[in-house]
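Peer 1: Shown below is the structure under consideration.
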Amino acid sequence: MRVLLFITTILFTPISWATNGCSSQLLDERYQFPEKFGTPKAALPDGKAIEPQYFRDGYHGSDKFTPEQIIEWGGIPAKSKNPKWKLLEHVRQDPDSAFRGMTEDLGGLESAPGAAFWAGDKGWVYKIGSAPAWDANANLAGKIKTGAKFIDNPYRGEREIVIPAQMPIFCIEQWGMVKELMSGNMVVRNWTTNPHYDLKKCLKYWGR
């Protein structure tokens, strides 16, 4: 009787997938990476689409995901299911922005913030290789309309280079955990090389 009850329970109990599990996340388009993306374009406030100014290395800091997670997912996921490729929306911190910030240096101090500062203590810094990039300050200079005049980017202090938010695993060179020193400076002492990094594959992914 107990055996029959156990079998009946197994057969008729609905399966519930954990919302934090890989199975559910990989069904989300934010975690789906196309075989090839092509050259992305960013939109200026007037709607003009511009290609990347350059393809360059840099650092992105975050406490939202770990190296183990991005390996499982196949890369850093997009922020939104409906990404907006508008530079102004990115600097305004729109959650649906198609971009992430990247800095040229680690920048662990609040007075000169960079990837390490944004990641924070025990967060992670990722070195990105040859990412399509735009200088938000340069591209928005004199293009943001306020009333009857046009102004520059009001968020210039972040020193950000803008890159696509969704970054495949083979475009990430290294990662390291951030440690806060007694001085308050955020540093990365040890780096781990990403075994999946492939520069040729990365450049091909971005249409180069």
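Peer 1: Taking H as built 1.01 Å from N, whose amide H comes closer than 5 Å to the amide H of ARG56, not counting residues under 5 places away?
Peer 2: The answer is SER130, ALA131, ALA133.
Peer 1: Label GLN69 and LEU203 with points 7 Å out from Cα along Cα→Cβ: what is the distance between them in nm?
Peer 2: Between GLN69 and LEU203, the label points sit 3.2 nm apart.
Peer 1: For CYS202, CYS171, which order do you get if you count the other beta carbons within 10 Å of each Cβ and list the fewest first?
Peer 2: CYS202, CYS171
Peer 1: I need TYR205, TYR197, TYR59 ordered by Cβ neighbour count within 10 Å, fewest first.
Peer 2: TYR197, TYR205, TYR59
Peer 1: While we're looking at this one, here's another question. To the nearest 0.05, how large is the calculated FRET efficiency for THR192 and ASP28 if R₀ is 35 Å and r is the Cβ-Cβ distance?
Peer 2: In this case the efficiency is close to 0.85.
Peer 1: Taking just the alpha carbons, could you work out the radius of gyration and Dmax for region 41-205, both in angstroms?
Peer 2: 16.0, 53
Peer 1: What list of ³J(HN,Hα) values in whole Hz, one per residue of region 59-69 in order, does the Karplus curve 6.51 cos²θ - 1.76 cosθ + 1.60 (θ = phi - 60°) give from phi, with Gly and Pro shown as x?
Peer 2: With coefficients 6.51, -1.76 and 1.60, one gets 10, 10, x, 7, 10, 8, 8, 9, x, 4, 5 Hz.
Values quoted throughout were computed directly from the atomic coordinates according to the rules given, and no laboratory measurement underlies them. What you see is a predicted model, and the numbers here were worked out from it, not measured in a lab. We place every Cβ from the backbone using ideal geometry, glycine too, and count neighbours over all the protein chains shown.
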